[in-house]
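The values are calculated or read from the model by the stated rules, or taken from the named source; none is laboratory data. Keep in mind the model is a prediction, meaning the values are calculated, not measured. Neighbour counts are summed over all protein chains in view; Cβ atoms, including those assigned to glycine, are modelled from backbone coordinates with ideal geometry. Ligands, DNA and RNA are excluded from the accessible area calculation, which covers all protein heavy atoms including side chains. Shrake-Rupley method; radii C 1.70, N 1.55, O 1.52, S 1.80 Å.
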Amino acid sequence: MSDTMTKPLNLRAEHFTGNILGLGTSTPRLSWQYDGVVPDGAQAVIQITRNMPGVSAIIETAEVDAVQNLLHPWQFAELRSREQVTVTIKLVTPSHSSGWSEELTFETGLLHPYEREAAFVGPSWLEGETDHRHLPLVRTEFRLKEAPVYARLYLSALGLVEAEVNGNKVGQDILTPGWTCYDHRIECWTYDITNDLHAGQNALGFWLGDGWYRGRIGFKGGQANLYGDRIGVFAQIEITYADGTCESIYSNSWDSTWKTAPGPILHSDLCEGETYDARLEAEGWSKANFDDRDWLPVAQIPFDNQKIQFPKLPPVRETGSHPIVSVSKLSEDANGKTSWLLDFGQNCTQRLRLHLHDLQSGDTVSIRHAEVLNQDGTLAMQPLRRGKQSDVFISNGQDAFWEPRFAIHGFQYAEISGWSGELSAEDVECRVYYSDMEPAGWFESSNQLVNRLHENVLWSMKSNFVSIPTDCPQRDERLGWTGDIALFAPTAAYLYEVSGFLSHWLEDVRHEQQRVGTVPFYVPYLRLAEWSNPQAIAIWGDAAVLVPWAIYMADGDKKQLKEHYYLAKAWVDEVRTYLSVDGVWDRKPQYVLGQLGDWLDPSAPADDPTLAITEKELVATAFFAYSCRLLASMVQELNVGADEGTYRKLAEHVKTGFVNRFVKANGLMTSDSQCAYALAIAFGLLDDQENLKSIAGNRLAELVRESDGKISTGFAGTPYVLPALTETGHLKEAYQLFLSEECPGWLYQIKMGGTTTWERWDSMLPDGTVNPGVMTSFNHYSLGSVADWMHATIGGLKPVEPGWEVFEVNPQPGGGIISAQTAHQTPFGRASVSWKLDKDMINIKITVPFGTTARVKLPRQDEILELSGGDHQIEAHY
Ligand code: BGC
């Protein structure tokens, strides 16, 4: 009896989607969803098949409460390293059984430091001190008595690495191992290479790059050799034969089988680009029986293997490609060498893979990349600063397919010069890269400009979720600016499954907090120019609270929240010591820029984004009050013993200080700005004084009307201005602001052809020229935080309880939009709302995942309707 009974589906281990290798825990929590109602008293039977490589499997089962299906604690004996697990689950009642779910398989990594026996090995010659060093290759060979039944490569590097086995690239990941605070930890990735090995002689080859480890990082000259000046690969190969015997191969410098030589990559810098000389290729270098007599023995680079970790986040991978949308020949010389301008139609993080042909040995093909064009049609290179994104290929006279390995670019346009003859579309592939997260959010409406804006938000997120959350993917910056993600985290958590990705990064935020004594401006932190002295500043530091909270609302993972709780608490405990007695944060941070406040508000001069119209102390105090409130909620959720009351009281104190200092007797604020009212309302700082709240709402709406619907907020106010208008009953003005096509405004960027969200409202000026400020990017996610309002207010979907156990459905049509739909993949399954206006009726379709409750509020009605799992349709007067 199973056909009609609710069945478990979408099994997951921790926050990974799908089958995974190299899990870093011996007690993975399991989650699953249901495709129907779970009968009262039903149990879930979890069946695991577990085995060590080459050893026969053991089957174990556990019966658990069926409705404890989110991050269910591991019910079995702890897993050992390398253990392979297959899980399936069924639902049972005394009389019925659902049948087994689809299987999930995973495998643990090397859980104990003593099992990571390889060493980091790299070049043994004297290298240049910094920058543009000739990059090495590393290789080894080994004999296998027969083809293995199981083989894994555990791979990491100081620097960046790409591996080849018997001439074939291993996996599809790039920029391995990713950027972490290497002084603290480094990631090790696991690859199944069983099918790449054979009986007899085999070879392994490794490309090494400088990457974040020793490459030049950051602006104003940046810094090189941040973590060390020697790069090296960590490779541990573990093999099992059919008879159960095992063999291991470790990178090392003592058995003289690991060798190194300079390779074809002359130099490579993440932002500057890569230069490759095909004349230096050594045919067959990663295949067996290659003559490496003139290669040098490798050198060992000391590194503490205790710092090796197995990742929580997905790898950076190719996730798609963009075809050329237009190509034009720029020039041709007497030798038939041509140059071309290519447009790929989409700005994002990508790289070109070229088919190079008809070249003579020594011929050079160069590629430059830019986000936008100058008005004369040339690439706008000036915003890139040192990050000039230029790759060079030097031919050996043979046909080749080539893509840079250790550089990555943010661009829409590319210029190729030195090409031989005509360029055809088949010669160029434009591959898109980002940390391969699972999509979790969708939105569409009847307004095409709005839809494009939403697309742009997605693209800016993808472009900047590359190993860590960065500000921008193109110029010489690409840092994990804490403020940007503090503001964007709720949007990110709706659009993609980011629990693993952001939680992974937060571990480094905590590390840096302990290392430098505060939450620094960006993480990983390095001393750069005026940012050399880390100081507590609002919003950027508030990332310590806002990011963990945003993830928690999305995934409901208390264990993870608890890990981040100490980060959040330390931030709040630090800042409380900076408050004046009245609770206002007005003490100036001890570095030249001070509080950044409503950074990049559109009234600030192009060369001084800190000159915003809203008082910095007001912004800082508002955010701090909000952080205190969220911290108190964390204490409540976690039951961690610390005094919830202490933080509630602190939140009250700061709130009172805020109102006394920044709200005048007549209800207007000392900074009469959109940002000031937005923060006061959205953070609930006026909630106990309804009259003040309504004055603030009215004034905010008036400011919007007075400015003809133009926005005047920067980073700080932008996520909150539309929610504040909506909450105080000014939906009309919210839509007016949102839909304005004038500069500054979201849709202005669309009108100007933007395919990503920009750093400045006017990164491109109305006359089509690029903003001359020294800081102009066309790909920052921060202003895209508006998508959170789009999902909640236009679409009508928003979490109420952590993990979406309870969520709100409250579409609020306006601005001439006549239909919209949005969906989110909650931990329980897909929630969606789709509505359509038809004369005076509204038709709403709602999908509620099983195990959750939707609180539905229909437009212009006060009543709240509660819906549980299933598909629902409602028709109402509008
Ligand atoms: C970055 C920002 C960052 C800011 C801090 C900029 O250069 O691109 O996004 O938050 O500096 O002031």
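Of all the residues that make up region 676-719, how many are of a type in the set (Gly, Ala, Ser) and within 16 Å of the ligand (Cβ to nearest atom)?
Within region 676-719, residues that are of a type in the set (Gly, Ala, Ser) and within 16 Å of the ligand (Cβ to nearest atom) number 3.
Which of the residues belonging to region 343-361 are over 18 Å from Gly320 (Cβ atoms) and small (Gly, Ala, Ser)?
Correct list: Ser361 only.
Let me spell it out: the conditions are (1) touching an Asp or Glu at 6+ places or on another chain (Cβ under 9 Å); (2) at pLDDT 95 or above, and Ala612 meets all of them except one. Which number is the exception?
Of the numbered conditions (1) touching an Asp or Glu at 6+ places or on another chain (Cβ under 9 Å); (2) at pLDDT 95 or above, the odd one out for Ala612 is (2).
Which is open to solvent by 60 Å² or more (accessible area, probe 1.4 Å) and not aromatic (Phe, Trp, Tyr), of Asp363, Asp333?
Asp333
Tell me which helices (runs of 4 or more DSSP H) are completely within region 597-689 and hold 3 or more residues being polar (S, T, N, Q) and open to solvent by 10 Å² or more (accessible area, probe 1.4 Å), or say none if there are none.
Filter on region 597-689 gives 644-662.
Quick check on this structure: which one of Ala224, Ala261, Ala288 is under 30 Å from Phe411 (Cα atoms) and among the aliphatic types (A, V, I, L, M)?
That would be Ala224, the only listed residue that is under 30 Å from Phe411 (Cα atoms) and among the aliphatic types (A, V, I, L, M).
Take the residues in region 566-622 that are closer than 24 Å to Asp672 by Cα and among the aromatic types (Phe, Trp, Tyr); name whichever of them is nearest to the ligand (Cβ to nearest atom).
For region 566-622, the residue satisfying everything is Trp599.
Mind telling me which of the residues Gly345, Gly387 ends up being within 20 Å of Trp758 (Cβ to Cβ), under 24 Å from the mean Cα position of the chain (by Cα) and surrounded by fewer than 20 Cβ atoms within 10 Å (Cβ to Cβ)?
Criteria check complete, one pass: Gly345.
Within region 453-464, identify whether any single residue is within 16 Å of the ligand (Cβ to nearest atom), among the aromatic types (Phe, Trp, Tyr) and modelled with pLDDT of 95 or more, and answer yes or no.
No: region 453-464 contains no residue that is within 16 Å of the ligand (Cβ to nearest atom), among the aromatic types (Phe, Trp, Tyr) and modelled with pLDDT of 95 or more.
Quick check on region 50-65. Is at least one of its residues within 33 Å of the chain's Cα centre (by Cα) and either within 26 Å of Pro113 (Cβ to Cβ) or in a strand (DSSP E or B) (or both)?
yes
What is the residue count in region 14-56 for residues that are among the hydroxyl-bearing types (Ser, Thr, Tyr) and touching a Phe, Trp or Tyr at 6+ places or on another chain (Cβ under 7 Å)?
Here the count works out to 2.
Might you let me know whether region 788-806 holds any residue that is away from the ligand (no atom under 16 Å from the Cβ), open to solvent by less than 10 Å² (accessible area, probe 1.4 Å), farther than 21 Å from Ile874 by Cα and touching an Asp or Glu at 6+ places or on another chain (Cβ under 8 Å)?
Within region 788-806 (the criterion being away from the ligand (no atom under 16 Å from the Cβ), open to solvent by less than 10 Å² (accessible area, probe 1.4 Å), farther than 21 Å from Ile874 by Cα and touching an Asp or Glu at 6+ places or on another chain (Cβ under 8 Å)), the answer is yes, since at least one residue qualifies.
Going through region 292-332 one residue at a time, which ones are without any contact (Cβ under 8 Å) to a residue 40 or more places away in the chain and touching an Asp or Glu at 6+ places or on another chain (Cβ under 7 Å)?
Hits for region 292-332 are Val325, Ser326.
With respect to Gly483, is the statement that it is more than 16 Å from the ligand (Cβ to nearest atom) and among the small types (Gly, Ala, Ser) true?
No: the conditions fail for Gly483.
Among the residues of region 111-132, which ones are under 24 Å from Cys188 (Cβ atoms) and open to solvent by 10 Å² or more (accessible area, probe 1.4 Å)?
Residues satisfying the conditions are Leu111, His112, Pro113, Tyr114, Glu115, Arg116, Glu117, Ala119, Ser124.
For Gln448, only one of the following conditions fails: (1) open to solvent by 10 Å² or more (accessible area, probe 1.4 Å); (2) more than 10 Å from the ligand (Cβ to nearest atom); (3) in contact (Cβ under 8 Å) with a residue 24 or more places away in the chain; (4) not aliphatic (A, V, I, L, M). What is its number?
The failed condition is (3).
Taking the condition of being out of contact with any Phe, Trp or Tyr (no Cβ under 7 Å at 6 or more places or on another chain) and either more than 16 Å from the ligand (Cβ to nearest atom) or assigned to a loop (DSSP other than H, G, I, E, B) (or both), how many residues in region 538-553 meet it?
6
Taking Thr470, is it hydroxyl-bearing (Ser, Thr, Tyr), buried (at least 24 other Cβ atoms within 10 Å of the Cβ), within 15 Å of the ligand (Cβ to nearest atom) and in contact (Cβ under 8 Å) with a residue 60 or more places away in the chain?
no
Given the conditions (1) in a loop (DSSP other than H, G, I, E, B); (2) open to solvent by less than 60 Å² (accessible area, probe 1.4 Å); (3) in contact with a strand residue (DSSP E or B) (Cβ under 7 Å, 6 or more places away or on another chain); (4) over 20 Å from Ala151 (Cβ atoms), report the number of the one that Trp74 does not fulfil.
Trp74 satisfies every listed condition except (3).
Might you let me know whether region 25-32 holds any residue that is under 30 Å from Pro148 (Cα atoms), in contact (Cβ under 8 Å) with a residue 12 or more places away in the chain and not β-branched (Val, Ile, Thr)?
Yes, that holds for at least one residue.
Spot the failing condition for Gln861; the list is (1) more than 16 Å from the ligand (Cβ to nearest atom); (2) open to solvent by less than 30 Å² (accessible area, probe 1.4 Å); (3) at pLDDT below 95, and only one is missed.
The one condition Gln861 does not meet is (2).
Which condition from (1) touching a strand residue (DSSP E or B) at 6+ places or on another chain (Cβ under 9 Å); (2) open to solvent by 60 Å² or more (accessible area, probe 1.4 Å) is the one that Val774 breaks?
(1)
Which condition from (1) within 30 Å of Pro827 (Cα to Cα); (2) more than 16 Å from the ligand (Cβ to nearest atom); (3) in contact with an Asp or Glu (Cβ under 6 Å, 6 or more places away or on another chain) is the one that Val523 breaks?
(2)
Would you confirm whether or not region 420-432 contains a residue that is surrounded by fewer than 24 Cβ atoms within 10 Å (Cβ to Cβ), under 16 Å from the mean Cα position of the chain (by Cα) and more than 27 Å from Lys337 (Cβ to Cβ)?
yes
Looking only at residues in region 52-92 that are free of Cβ contacts under 8 Å to residues at least 60 places away in the same chain and among the polar types (S, T, N, Q), which one is nearest to Gly829 (Cα to Cα)?
Gln68
Just checking, how many residues over region 284-301 are open to solvent by less than 20 Å² (accessible area, probe 1.4 Å) and charged (D, E, K, R)?
0
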